[in-house]
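Chemist: One structure follows; several queries about it will come next.
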Amino acid sequence: MSGLSGACLCGAVSFACSAEPMVVGHCYCVDCRKSSGTSHCTHVAVPEAAVELSGTLRFYERAANSGNLVSRGFCPECGSAVLSRNSGQPGFLFIRASSLDDLDAVTPSMSVYVSRAPRWAKLDREGPLFDEMPPGGPPLP
């Protein structure tokens with residue numbers, strides 16, 4: 001067990017993941033900015049089959065710049081963002097790092113759409129920075 005677990009703010013939705021993250025990254029696209037209420041979102045990509053979800057999420061779907069449909073799952077009670085799916089990357093879930101019980105359980109390794117980051121954002125310069133999304137999406141094994 002990787003130890004990844006988390007929940008929404010009110011606890012009505014929770015999850016546990018039995019796999020290690022495939023990739024962890026920051027995204028500064030407009031949709032992530034607006035859905036997070038800050039400069040970016042931090043996503044933890046994991047195999048969908050490794051996630052056990054308790055509770056019911058409500059989904060908001062919107063086409064990404066790539067044309068792929070992104071479905072963002074949030075708690076219908078408290079509104080907390082929990083995870084998302086991308087139609088261009090079937091079989092994976094993108095857990096919002098902000099919903100993790102232990103934020104130190106993951107370490108971001110890349111940032112995408114940094115060309116859209118506000119000047120005041122503190123970019124993580126440890127991993128690669130992509131001005132846009134890399135072709136084919138984030139590098140998943």
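The values are calculated or read from the model by the stated rules, or taken from the named source; none is laboratory data. These numbers come from a predicted model, not from an experiment. All Cβ positions, even for glycine, are placed from backbone atoms using ideal geometry, and neighbour counts span all protein chains on display. Accessible surface areas use protein heavy atoms only, side chains included; no ligands, DNA or RNA. Shrake-Rupley method; radii C 1.70, N 1.55, O 1.52, S 1.80 Å.
Chemist: Which distance in nm do the two modelled labels at S115 and E48 give, with both placed 7 Å along the Cα-to-Cβ direction?
Modeler: That separation, rounded to one decimal, is 3.0 nm.
Chemist: For the range 53-110, what's the radius of gyration and Dmax over Cα atoms, in angstrom?
Modeler: Rg then Dmax for the range 53-110, in Å: 12.4, 33.
Chemist: I've got another one for you. Can you tell me the order of 119-127, 54-62 when each peptide is scored by its average per-residue count of other Cβ atoms within 10 angstrom, highest first?
Modeler: 54-62, 119-127
Chemist: Considering the values (1) 0.98; (2) 1.26; (3) 1.10, which represents Cα Rg over 2.2 N^0.38 Å as calculated for the structure under consideration?
Modeler: (1)
Chemist: What percentages, rounded to whole numbers, describe P(r) for the range 90-137 computed over all alpha carbon pairs with 10 Å bin width beginning at zero?
Modeler: 20, 45, 33, 2
Chemist: For every other residue with a beta carbon closer than 10 angstrom to the beta carbon of T107, add +1 if it is Lys or Arg and -1 if Asp or Glu, then tell me the sum.
Modeler: -3
Chemist: At 1.4 Å probe size, with every protein chain present, just tell me what the per residue accessible area of the chain comes to in Å².
Modeler: Per-residue accessible area for the chain comes out at 54 Å².
Chemist: For the range 9-57, what's the relative contact order in percent, using C-alpha pairs closer than 8 Å and at least 6 residues apart?
Modeler: Once divided by the residue count of the range 9-57, the mean separation gives 52 percent.
Chemist: On full extension of the chain, what length is gained from E77 through R58, given 0.36 nm per residue of separation minus the C-alpha to C-alpha distance?
Modeler: 5.9 nm
Chemist: Find the relative contact order for the chain and round it to a whole percent, using C-alpha pairs within less than 8 Å whose residues are 6+ positions apart.
Modeler: Over the chain, the number comes to 27 percent.
Chemist: Now for a different question. Rounded to the nearest 5, what % of DSSP beta bridges with both residues in the range 13-141 are antiparallel?
Modeler: 85
Chemist: Step through the residues of the range 45-50 one at a time and calculate ³J(HN,Hα) from phi using the Karplus curve (6.51 cos²θ - 1.76 cosθ + 1.60, θ = phi - 60°), rounding each to whole Hz and writing x for Gly and Pro.
Modeler: 7, 9, x, 4, 5, 8
Chemist: Something else about it: Any chance you could check the Cα centroid distance between the range 94-132 and the range 14-47 for me, in angstrom?
Modeler: Value for the Cα centre distance between the two parts: 8 Å.
Chemist: Using only the C-alpha atoms of the range 13-76, find the volume of their convex hull and express it per residue in Å³.
Modeler: Dividing the Cα hull volume of the range 13-76 by its residues yields 102 Å³.
Chemist: Another question, then. Sum up the charges of everything whose Cβ sits under 12 Å from the Cβ of S84, counting Lys and Arg as +1 and Asp and Glu as -1, but leave S84 out.
Modeler: Surrounding charge for S84 is +1.
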